[in-house]
Each structure stands twice: as C-alpha cells, then as structure tokens.
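Some notes on the structure that comes next.
Values quoted throughout were computed directly from the atomic coordinates according to the rules given, and no laboratory measurement underlies them. All figures in this text were calculated on a predicted structure; none of them were measured in a lab. Counting neighbours? That spans all protein chains shown, and the Cβs are built from the backbone with ideal geometry, glycine included.
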Amino acid sequence: MIAEQTSTITGPRIFFNFIEVPAAKMAENGDLIRKLKNGEIHGFVLRNLFSQQEVAEMLRALERPLEEDAMNTPSGKMFPTPFAIITNDGERLDAYYESLNTMYKLMAREPALQLVKDRVNAFFRAVAADYKVSVPINKVKGIPVSEGCFRVFYKDRGGLFVHCGNLFQQQSEYYYSLLANDIDMSDQLSFFFNLQNTEAGGELTIYDMLWKDVVAKATPDENDSVIDKDGNTIYLKDVEQFTVKPQPGDILVFSGGPIWHRVENIKGDTPRITYGGFVNFSNDGKEIFYWS
Ligand SMILES: O=C(O)CCC(=O)C(=O)O
C-alpha cells in the first residue's frame, strides 16, 4: 500500500506505508505496533505526544547534562552513552551503566526528564496494546539496559550516515548477545521523539532499499553509497527516497531494521535533538522490548 504525503512525511512518492496519527487518537490505535510487525504499515508519526511546554522544560533540564555528562560523537553528542561503545570483547560495559545511572539520578531530580522516560513507556503500552511492554535485561549485570538515548546533531557534521538497524546489530554483536530475554532480533524497529529541529536539514531520509537486498557499506563513514548482496555499489542519489520530519513533541516509530535511512546534514545553528532507541518482539510474539 502506498501512503499519502502529510505535513511530516513528504516526497514525490511515499513508497512505504508511513502514516501520521494525532496523539489524541493514541488510545484508539493500540494496534500500530502490530501493524508494523505484520508489514501493514512501515512507520508512523504520532503527533504531539508531548506539548510544546513540556518539550521546552525538557530542553532546559537537558542543558547542563548535555554540557557535562554527554558523550561526544563525530556528529554531536549522546546521553546516556550508547551501547555502540561496548566492544565485542565486553569492554566499556561498566561505562555504559555509569552513564545510565547518571541519567537516572538526573531524572529523579528533574521531573521534565523523568517525563520523557515515563511518557515513552506509556506511549508503547498504548500503541502496542496487546503486547506486554518491557526493557531487556542485561545478563551480566542482571538489570535492564537503557530505555532511550538523547542524541544531539550539530551543524555541518554530516548528520547520521546512511545505515539500517540490522547493520548496527551486526556491528554490536556482543551487546545483543547479552540480552537475557527471548527476543527475536530480526528486523528491529527504530523510534525517536523529536525535541528540537534545526532551521534547515536534519530530515530523516527513507530510501527504497531493504536489508534483504543491500547488506553493507564500504566503510562505516560512507554516506554516498551502499553495497548490495551481489557486491554492486549503489549510489544514494540514484535511489528513490522520501523524507520524514517529525516536529518537536512528535514521536516516530518505523521499520529502521530493514529499511536503509539517514539523518541529513544539519544546516542551521540550532542543533537537532531527539530521544530514541530500538524495539523488537519476543519469540513467542507476546511481548515487545525497547532499548538503546
Ligand atoms: O534521529 C535519530 O534519533 C536517529 C534515528 C535513526 O536513524 C535510527 O533510529 O536508526
């Protein structure tokens, strides 16, 4: 099914079924995650999960931690530290948890930040109404992993290079091997809640390319081309694409595991800020898990 353009989903042809749903209709849309799982839809933007005032309070509460506690990345900052820092030999697992503890302590002091965690959890319980919703447990530590991560992207640092979640999973094999729950890791979903847009750029570009056909990049920093399963180089400029640009307060969930995508270079002085992570299903199909 081909979707319509909306105010946040734009392009000459919306070749995957991405839809927009107002937060006021969240309770009547308890089957959105099931529809993503069975391929009826490929993504949805839930508009205004947070009010503009709530977002403004979150941004204020984040100012100091983003200065003092966040990890620098080539394109910006992340807080808490993402699982990608844990090596396949298990190094830096402690650093991941130290950063997560810092965030939880902050949340305990800052209701605006606690609201991010609580509302995202309530959101998943609402749109995945017939699943049990939890956060995976790390086997070594015996405690849950992170539920989400704030991501900041600064001007002219390239955004987030072309990727799909299935590629990231391949690169973080050890982290995934430590999840204690019985999760079917294939074709994870991505989610992010937008706190702040930049003046120009920062859109999420969705490519008409799936992991079953396109399986690699020449280097992790490659951002113009990908490699298909027969070893051919495919240039992104030649691939059909559309853009998704959730507004502050909106949350997007999409099939970011199999669908190749990227965050466009930030062109304005205001950094782009999101809070996001990944979602997948239990092997018995009764639960969903989300993490970062
Ligand atoms: O804007 C973001 O937070 C990045 C989203 C993304 O590319 C992903 O979840 O794979």
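Please list, in order along the stretch 281-292, the HN-Hα scalar couplings obtained from phi with the Karplus expression 6.51 cos²θ - 1.76 cosθ + 1.60 (θ = phi - 60°), rounded to whole Hz, x for Gly and Pro.
Result, rounded to whole Hz: 10, 6, 4, 7, x, 9, 10, 10, 10, 10, 6, 8.
Report ³J(HN,Hα) in whole Hz for each residue of the stretch 179-193, in order, from the Karplus equation J = 6.51 cos²θ - 1.76 cosθ + 1.60 where θ = phi - 60°; Gly and Pro get x.
Values, residue by residue: 6, 6, 7, 8, 9, 7, 7, 6, 6, 4, 9, 10, 9, 8, 9 Hz.
Out of all DSSP beta bridges in the stretch 1-144, what portion is antiparallel? Express it as a percent rounded to 5.
So the antiparallel bridges in the stretch 1-144 amount to around 55 percent.
Multiplying the sequence separation of Ile234 and Arg125 by 0.36 nm and subtracting their Cα-Cα distance, what value in nm do you get?
My answer for the length gained is 35.4 nm.
Hey, in the GNM for the chain with a 10 angstrom Cα cutoff, which one of Arg119, Arg47, Arg34 fluctuates hardest?
Arg119
Give me the net charge of Tyr207's neighbourhood, meaning all other residues with Cβ under 15 Å from the Cβ of Tyr207; Lys, Arg count +1, Asp, Glu -1.
That sum, taken over residues with Cβ under 15 Å, equals -4.
Mind computing the radius of gyration and Dmax over the alpha-carbon atoms of the stretch 232-272? Å is fine for both.
13.1, 40
Percent relative contact order of the chain, based on C-alpha pairs within less than 8 angstrom and at least six residues apart?
26
For a quick check, take a GNM of the chain with Cα springs below 10 Å and name the residue from Asn121, Asn101, Asn232 with the largest mean-square fluctuation.
Most flexible of the set in this elastic network: Asn232.
Once the other residues with Cβ under 15 Å from the Cβ of Met185 are scored (Lys, Arg +1; Asp, Glu -1), what is the net sum?
-4
In Å, what Rg and Dmax follow from the Cα atoms of the stretch 63-113?
Rg then Dmax for the stretch 63-113, in Å: 11.7, 37.
Relative to the present Cα-Cα distance, how much length would full extension add between Asp213 and Gln170 at 0.36 nm per residue of separation?
13.9 nm
In a Debye calculation with equal point scatterers on the alpha-carbon sites of the stretch 31-129 and no solvent, what is log10 I(q)/I(0) at q = 0.10, 0.13, 0.20 Å⁻¹?
-0.39, -0.64, -1.09
Using a Gaussian network model of the chain with C-alpha springs under 10 Å, which one of Ala128, Ala24, Ala84 is most mobile by mean-square fluctuation?
Highest fluctuation among the options: Ala24.
In Å³ and rounded to a whole number, note down the convex hull volume per residue for the Cα atoms of the chain.
It comes to 128 Å³ per residue, whole-number rounded.
Looking at this model, which pairs from Lys155/Lys212; Lys155/Lys245; Lys155/Lys237; Lys77/Lys267; Lys117/Lys212 are more than 24 angstrom apart at the alpha-carbon?
Lys155/Lys212; Lys117/Lys212
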